[in-house]
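For reference, the structure is listed below as structure tokens.
The values are calculated or read from the model by the stated rules, or taken from the named source; none is laboratory data. On a predicted model such as this, the values are computed, not experimentally measured, just so you know. Note: ideal-geometry Cβ built from the backbone for every residue, glycine included; neighbour counts use all protein chains shown.
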Amino acid sequence: MQPGVTIWRCRTCGIGYFPQRLLCPRCHGGEWEQDRVYEAVIEEVSTIRHMIGQTDWTPLRIASVRTSDGMAITVGLRDESGPGAVVALSEEGTAPYGQALRPNR
Ligand SMILES: [Zn+2]
């Protein structure tokens, strides 16, 4: 597990995306540089209770989070964090995960 999630930042206008886009939706630039984000705030949580073709599926919580530089990404949740909680981002392979950094109070 690696701390942070890789994002791609447009060299022309500086906006960040995850996953990578072919062209920047804002300025249509096509050159990117990699960057990392480490923190995000949870906006919404949902649970995937069933997965087609999986009989021993463990319910998976996923969250829509807003990163510290304003990007919206979807991550797997490693704990019971809810909306408003600040999570530390990490990567396992290419999959992004979040885990509470501080309690939601
Ligand atoms: Zn751009």
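Mind listing whichever residues of region 78-104 are within 10 Å of the chain's Cα centre (by Cα) and farther than 20 Å from ASP35 by Cα?
none
Condition first: modelled with pLDDT of 90 or more and within 11 Å of VAL5 (Cβ to Cβ). Can you find one or more residues in region 47-66 that meet it?
yes
Tally the residues that are under 29 Å from PRO83 (Cβ atoms) and of a type in the set (Gly, Ala, Ser), restricting the search to region 1-57.
5
With a cut-off of at least 3 residues that are within 12 Å of the ligand (Cβ to nearest atom) and either in contact (Cβ under 8 Å) with a residue 24 or more places away in the chain or over 19 Å from GLY93 (Cβ atoms) (or both), name the strands (runs of 3 or more DSSP E) lying wholly within region 1-69.
Ranges flagged: 5-10.
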